[in-house]
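Report on the following structure.
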Amino acid sequence: MMKKLMFLVAMVAGLFASCTDNTVVDNKQDEGAKKMKLSINASVAGSRVGFTPNGEGLKGSFQEGDYMMVYFRTADGKWLNKTCVLNYEPGTAGKFSAQIAEIPEGTGLLHILIGTTKGGTPYIDAAAGKCALINDLSKQEGTLEDAAMRSVFQADPVTEGNLDVNTEKNTATLSNVTFKPKTSVLKLQLTFPEGATVAKGTELTVQADATYNKVQISGGNPGGSSTPAGAKGKATFTVKVGEVSGNVATAYMTIWPNVNDNEFSTVNISTEIDGKKYAGEYLKDHAGKLEAGKLYTVATAMAKQKTEKTIWVKDNEADVADAVDGTVNSEADWLTYAAGKVHAKANETGAPRTGVITVGDVKFTITQIEPKDFKGTYTFTTKVFAYANSFKPAADPSSWDVTFTDPRKAVTLTDADGETKHTNNIGIKGLCHDAIMDACVEIDYELRTVKVGLFCDARDGEGQLESTLNKYVAFVPELSTRSAKAWGAPYVFSETELGDPDYTWIWYRVSADMKTISYVNRTNNNVEFSTLSQYNSTKNYICGISIVTSPTNVFDHTTVNPSNGMINIYQVNAKGNPGTSFVRK
């Protein structure tokens with residue numbers, strides 16, 4: 001541990017030493033600047049202050065890794081675009097120094113803060129003229145000492161005239177500078193249920209309103225790089241338990257107060273012990289901002305939470321989960337419990353279904369799902385382009401009913417990567433007279449995901465003879481070119497030479513309730529389309545379904561081309577809709 005500490009100190013000292021000639025960070029030259037060693041002596045009593053467990057003041061000492069950041073300002077407070085970093089001289093009562101500092105001409109005030117590398121190495125970019133104190137509070141050890149050592153302090157602006165300048169030794173010294181805290185400490189006092197084996201070092205997740213979990217100060221106050229941005233929403237901290245007494249755990253954490261009237265209005269704390277989850281909530285009992293330099297106690301009971309297990313299974317009747325005896329509450333009449341097993345009746349509804357049963361402290365969410373469950377009537381919505389002999393007239397948007405039924409050919413085929421296989425297990429009727437567009441419902445029971453791939457097939461001999469047209473019909477992809485935020489020209493509207501293989505799938509997403517199957521339009525870079533990777537490196541972005549016809553069961557550029565054979569295009573960008581969709585009726 002000592003070697004690690006020495007390495008950290010050496011690293012920090014090395015950082016500051018490497019900036020010796022650039023300890024003052026600026027982005028403009030100042031011929032009138034004074035260059036000298038700058039030392040500042042801080043008062044221990046008013047600077048590095050911690051707390052006793054009951055909140056009383058506790059004098060501390062400076063630590064290796066502490067540093068000062070000095071902002072040089074004019075007499076009326078304007079920043080002169082110069083900042084100086086001074087590191088603590090170990091073994092002294094509170095001396096900080098920079099070997100070579102530029103005190104710019106026009107300096108009237110010194111604005112000084114004290115930070116520590118426990119909160120992160122200060123940000124220094126001499127070339128860009130940027131320098132910032134960093135106080136990362138997102139991960140803390142939970143002890144009183146650690147919380148105290150993460151504190152940040154600020155002195156009232158000191159006039160330049162208080163500098164004791166020795167021109168012979170080329171030094172400038174500022175003595176007896178008293179600092180006030182900018183941070184405070186929360187004492188989390190958490191009472192767990194009897195029997196919970198909470199231990200020192202247990203990680204707690206703490207969420208609080210309207211505060212920062214990381215502060216980056218570039219001009220005296222939290223800047224744009226602080227998180228969450230603007231202290232809006234909830235900040236998340238990971239804090240370890242620092243002390244345990246019986247079933248009461250205590251953790252201390254440094255916070256950045258005085259930001260917002262709503263700060264810490266709600267504090268949510270959660271953890272997991274031996275696979276069991278516990279959570280508690282604290283509501284602030286007064287309005288307004290918290291004060292700096294205070295210790296606030298957050299006391300709450302940590303209640304045992306129900307463990308949640310989400311399971312996907314097939315439709316057959318079966319035992320679907322193991323459980324431990326306890327109070328049973330089933331929200332679905334097809335889910336029961338007996339003799340350590342959660343049992344599901346066969347799903348004969350013709351659709352996916354989800355039910356909830358709670359046994360003791362475990363909540364089971366069971367979904368029964370198979371490809372056949374997606375058969376039924378759906379409303380199809382799309383943007384329609386129409387050509388000679390069209391099945392549907394041009395419209396944007398256009399909606400009509402289609403049927404998910406048995407596939408025309410229930411086959412397993414290999415994708416363009418030469419390895420992945422997909423099985424066409426349903427068919428869609430109603431996209432073009434009686435022709436069926438095969439599709440693949442692909443379910444991953446372990447990951448609990450489902451997607452539907454619409455099968456585009458341009459192989460010779462695989463077309464469907466449509467009596468209404470007296471021609472063979474094929475479903476092929478409409479192709480476009482991907483752009484940074486969307487898609488567009490150049491297009492290929494009726495490609496029948498897809499490459500090797502001469503087929504592909506267009507992958508649609510399925511909604512959480514399993515009732516909507518959609519191909520979402522790519523706008524503002526929020527989604528990606530399926531690609532025809534075997535075709536072309538750029539014009540391969542699938543933006544719709546093209547329906548083409550041929551007088552023979554051959555589909556190539558002689559039988560189908562831009563001036564012949566194309567009857568409809570169903571494009572993704574349906575007006576007023578997120579994309580193309582099938583919605584179950």
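Against the compact-protein benchmark of 2.2 N^0.38 Å, the Cα-based radius of gyration of region 307-368 scales to 1.01. In this rough spin-label picture, where each label sits 7 Å from Cα along the Cβ direction, the K421-D556 distance is 3.0 nm.
Take the Kirkwood radius over Cα pairs of region 184-305, plug it into Stokes-Einstein at 4 °C and 1.567 mPa s, and you get 87 µm²/s for translational diffusion. The angle between the Cα long axis of helix 2-18 and the main principal axis of the chain comes to about 80°, on a 0 to 90 degree scale.
Of the three principal axes defined by the Cα atoms of region 372-584, the extents in descending order read 45, 38, 37 Å. Helix content alone sets the calculated 222 nm mean residue ellipticity of the chain: runs of n ≥ 4 DSSP H residues at -39500 (n - 2.57) each, divided across all residues, give -1000 deg cm²/dmol.
Along region 394-403 the Karplus relation, 6.51 cos²θ - 1.76 cosθ + 1.60 evaluated at θ = phi - 60°, assigns HN-Hα couplings of 4, 6, 8, x, 9, 9, 7, 8, 10, 10 Hz to successive residues, with x for each Gly and Pro.
Whole-Hz Karplus values for region 254-263 come out as 6, 10, 10, x, 6, 9, 8, 4, 8, 4 Hz, taken residue by residue from phi with 6.51 cos²θ - 1.76 cosθ + 1.60 and θ = phi - 60°; glycine and proline positions read x.
Label sites at S245 and K35, each approximated as a point 7 angstrom past Cα along Cα to Cβ, lie 5.8 nm apart.
Close amide H pairs (under 5 Å, H built 1.01 Å from N) link D315 with I369, residues at least 5 positions away or on another chain.
Nearest-5 percent of antiparallel DSSP beta bridges in the chain? Write out the running numbers ahead of the final one.
Values: 168 of 189 bridges.
DSSP beta bridges in the chain are roughly 90 percent antiparallel.
In order along region 466-478, the Karplus-derived 3J(HN,Hα) couplings, from 6.51 cos²θ - 1.76 cosθ + 1.60 at θ = phi - 60°, round to 9, 4, 4, 9, 6, 9, 8, 10, 9, 9, 10, x, 7 Hz, and Gly and Pro are given as x. Scanning residues 5 or more positions from N425 or on other chains, those with amide H under 5 Å from its amide H are A439, C440, V441, with H placed 1.01 Å from N in the peptide plane. For S218, the residues whose amide H sits under 5 Å from its own are G223, ignoring neighbours fewer than 5 places away on the same chain, with H placed 1.01 Å from N. Determine, at each q value in 0.11 (inverse angstroms), the log₁₀ of I(q)/I(0) that the Debye formula gives when each Cα of the chain is one equal point scatterer. Cα-only, vacuum Debye calculation for the chain: -0.98. The label-point distance for N162 and E528, in a model that sets each label 7 Å from Cα toward Cβ, rounds to 5.8 nm. Among D136, D261, the ranking by other beta carbons within 10 Å of each residue's beta carbon, starting with the fewest, stands as D261, D136. Here region 246-268 is scanned for amide nitrogen atoms under 19 Å from the site 7 Å beyond the Cα of S225 along Cα-to-Cβ, giving 256.
Here, each number is a calculation from the coordinates, and none is a lab measurement. Just so it is clear, the structure is predicted and the values come from calculations on it, not from any experiment. Every residue, glycine as well, gets a Cβ built from its backbone with ideal geometry; the counts of neighbours run over all protein chains shown.
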